[in-house]
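Taking it in order: structure first as structure tokens, then the write-up.
Just so you know, all these numbers are worked out from the coordinates, no wet-lab data involved. Keep in mind that this is a model prediction, so the values were computed, not measured. Every residue, glycine as well, gets a Cβ built from its backbone with ideal geometry; the counts of neighbours run over all protein chains shown.
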Amino acid sequence: MPHVNKDAYHTPEFAFMHELGHLMHTRITKKEMSVPDSFTAIPSSVFNIKEPSPKDMTECFAKSFAIAATGGTEYNPYDNISPEFISALIIYMQDLVDKSF
């Protein structure tokens, strides 16, 4: 994190939130390569991954967390994602935090 890659697609703020998403799913599940059960349908339906591996799942979770945290700001590099989907991710992540911590 302290060394920004100038050629990276993601902003440093988005990258930080992405890594925080990894900490979150690990803290909730107590496993490094696992996501909350409530998240299992998201990768196939949203990110178009038919049979996601555990690594795919954790990356999708971290990306989803970062999108929710930075949605509607200049730090979110995914400007092609609908505001409705970002709102749904925000609601999901807030609910997950409320129930998990």
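Summary table
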item	result
Listed peptides 62-75, 14-27, 85-98 by packing density, highest first (mean Cβ within 10 Å)	62-75, 14-27, 85-98
Under 15 Å from the Cα of Lys99 - aspartates and glutamates, other chains or at least 8 residues apart	Asp37
Structure-based [θ]222 nm, the chain - -39500 (n - 2.57) summed over DSSP H runs of at least 4, per residue, nearest 500	-18500 deg cm²/dmol
Cα-centre dipole for the chain with unit charges at Cβ (Lys and Arg positive, Asp and Glu negative), debye to 20	300
Cα-Cα P(r), the stretch 12-100, percent of pairs per 5 Å interval	3, 15, 26, 27, 20, 7, 1
